[in-house]
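Comments concern the structure below.
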């Protein structure tokens, strides 16, 4: 690309002998390409985009401000929405005693291998080891049992923003699979299954909005298979995203109906309106910092991160482009004025007026960080009372009369947000393959597709498919059965078992 | 008190046979008095006020929504203020490897006995034990070393909102001393000591505002002694509160200048403007959920919590007071209308329209929870187009014409906030005792005073005072040397050593 070449030249020319050092310090330029070495590209882009720093304990990562600000935008949205639903925030301890952790058998089996145990304080051995929460069902529910006595205590709707620890050994990946991560976990209890069912979907819709409206990532809403559902729960719904480059599905967030299983174990009973003893219906739901990783994977390109405007802490970066004889002060003043106008209009704008970096270097730097819109102001722009706007998503350039600045920038940001979603949806849709037979399934899997197949919905068949597709790339499994079901004509057979198909289900390799 | 008696009668009459059960479920009424059994009173009030639930692991507590909402109000204030100062939020891991933890000798000595160690995941022993952060200096600073290269990388100002763990064995107390707690920790690095010094005080002023403007608690700003300063730092400033009932000082929050000590250990160097190698100056500062405990201790009374309006999640509770032949629907409608008017004016109001509790029971319930203002609406109020307002802080009653509702309630809330601070200050000030001799010191200590004494500022003298005052109640120590120093006439002697006094310092027992 000519643009990139220009930048390199400009950078080399202006920073002269310091170029090499500058390059080392800020990690300008990626040495891996997204299409060629996706894994290396991802590691490089999260570090060079200053979202992540690798940490000296494997599987733990530092979330730098550039990532944290994205988390905060999503948090602000979600927290306000659940407060409208009368969910209240609380904070339960990080630690769980072993007795409580092991109370729900299926649940503990699902998490036990990944639980981190504290056994010492200072030089002293603890009397009994204490677990660090991998999730908080067993932490919270003994107290739900205490707090819920009568029907007037229901619904009980709590949420916490916290860290959890799952000491996994497979493929630690920043944001996507880390030993400690940040999330919210909502835990609610209702008098009736109907209320619980309704909330599961209400929350799932918020998760869809986080992905589609904030992160510009298309997702599929659906129900998990029995094999893939939350350990100990009744059913799990999820939003599923897809990474075209690796051909892997990724569970975006989950909203579980736990049914009455935990209520039984933890004795969460209440006296209903008729004065009879009844058992509570429970949900739990969570989304984590994984969201940020999915965003990087879906939108990032060979120049670095690409941030959707709605979550970018800097939506517009203004860069002065002084030229030898030009009115340098005038250019810098125009930059400040531009930033101020945008800030006043509620647009998150900043300028980069450092004098030790060339404009070209700055272009690359802010492209690496994924800022949605760059505004350049040079002598010609000053003379013409305009600014030049360059979009991060498609590199399109446009001169904007200074008089129309705010309006045009708002339009552009809106447009970028929409375009990122549309592009991502187009790519995702191109990966979806509808199949009917095992041979088609295997071929589509080899082509890294997100496979929509008629399925008999039997657990042993899913186990069998996993076994038959086991390999270096990982086995195929169900992603979800979409709520939006295509027609399933009478007599359609399961692609894997040949038995009558009961539903369309997405299959694929996954994270 | 007649008022209390009335309520009890009313409650007994209207809830009839259910009274006992109701009392058990919500813990109405305190069995301990603040003046008689302070410790038991405190435990009871945080539980019955629904701030805390005791947890099955000693020293860990559940922060219920009523406490969490207070934390969120303070967080919103502080987070916005530090963002104005260009501090950015980030998130570093919960875990620290032993090598890094032990890098700064004084620092690790200060924390080592309280560090919790993870040694196992699932059934597998870890190769090396991993510590849980008691604070994050050693977690963060290796990366500051990496990120800070030139003077343009400074100042670096990061903050995180997180949990930390200090496995202490002495006197766990909800909010005040718990094995896990929530806090913010700011960690900043500067090119010059002047900038670091200035920030220490800027942050300390925010801590003062949290205590004085939000929690209505008077504090003293000052500097910690060498013995009491942060392990490994250069100097520590703090805001110190005082609990008159126990005669103990309590460190409210700390803002440390770390000097260059950590920078030396972690090699946080940079090239200054002259191209020379220089070492960064660092600060760290934190406040925690302890703030909430101090608030409970200072303002709470024998009826329960007393919340300052600025941090109360419910500032006004509206209670219908129906009477047999009266227009019940009209009363309920007036309650909704009142809540809506207040909400529209930005006042956090709610109503308690439950039909299974009597008005008297509700009065006690919301008094226990500390809601600043209660509004009662009965037939007479309806007829007179007024509401009755009852203050939590001083039980004062006032009829407010409905037409003046918003304005009067705003005034009242403002007044309550101010009054709580004034009352607390008066009580605190009454506990301050200026002394000059050892005998006076011992007498004041026995009287549970906050002692202001001329001191030679020598570490061994403080050690000696601690040794000489050791006893069941705990030894006396320095709280802080106030920035606001009274005159120290030439020739004034240290109360303890008889050497020339160098400063006035607050002494006392403390939490």
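What follows is calculated from the coordinates using simple rules that are stated; it is not laboratory data. Values in this document were obtained by computation on a predicted structure and should not be read as measured data. Reconstructed Cβ throughout: ideal geometry from the backbone, glycine too, with neighbour counts over all protein chains shown.
Key figures for this structure:
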{"item": "Computed FRET value (nearest 0.05) for residue B:177 with residue B:56, which takes r as the C-beta separation and R₀ as 25 Å", "result": "0.85"}
{"item": "Beta bridge orientation in segment A:316-417: antiparallel %, DSSP, nearest 5", "result": "55 percent"}
{"item": "Label-zone membership for segment A:157-196, site residue B:124, 7 angstrom Cα→C-beta point, backbone N under 11 Å", "result": "A:167-171"}
{"item": "Average partner coverage of A:121-131, which counts Cβ from other chains inside 10 Å", "result": "4"}
{"item": "For A:510, A:178, order by how many other beta-carbon atoms lie within 10 Å, fewest first", "result": "A:510, A:178"}
{"item": "Angle in degrees between helix B:405-431 and the longest Cα principal axis of chain B, rounded to the nearest 10", "result": "50 degrees"}
{"item": "Of all DSSP beta bridges in segment B:431-509, antiparallel share, percent nearest 5", "result": "75 percent"}
{"item": "Using alpha-carbon coordinates, inclination of helix A:459-469 to the longest axis of chain A, degrees", "result": "40 degrees"}
{"item": "DSSP bridge orientation in chain A - percent antiparallel, rounded to nearest 5", "result": "80 percent"}
{"item": "18 Å cut-off, amide nitrogen to a point 7 angstrom out along residue B:492 Cα→Cβ, residues in segment B:189-228", "result": "B:220-225"}
{"item": "Inter-chain shielding of A:466-475 (mean C-beta neighbours from other protein chains, 10 Å cut-off)", "result": "0"}
{"item": "Centroid-to-centroid separation of segment A:240-267 and segment A:379-397 [C-alpha atoms, Å]", "result": "45 Å"}
{"item": "Likely footprinting exposure, A:350, B:355, A:106, fewest C-beta neighbours within 10 Å first", "result": "B:355, A:106, A:350"}
{"item": "Fewest-first sequence of B:51, A:368 by Cβ atoms within 10 Å of each Cβ", "result": "A:368, B:51"}
{"item": "Separation in nanometres of the label points that stand 7 Å from Cα toward Cβ, at residue A:149 and residue A:353", "result": "6.5 nm"}
{"item": "Sequence-separation-based contact order of chain B, relative, with Cα cut under 8 Å and 6+ spacing, percent", "result": "15 percent"}
{"item": "Nitroxide proxy distance, nm - points 7 Å out along Cα→Cβ at residue A:438 and residue A:106", "result": "2.9 nm"}
{"item": "Within 10 Å of each Cβ in B:153-160, the average number of Cβ atoms from other chains", "result": "1"}
{"item": "Inter-label distance for residue B:399 and residue B:325, nm, one decimal - labels placed 7 Å from Cα along Cα-to-Cβ", "result": "2.0 nm"}
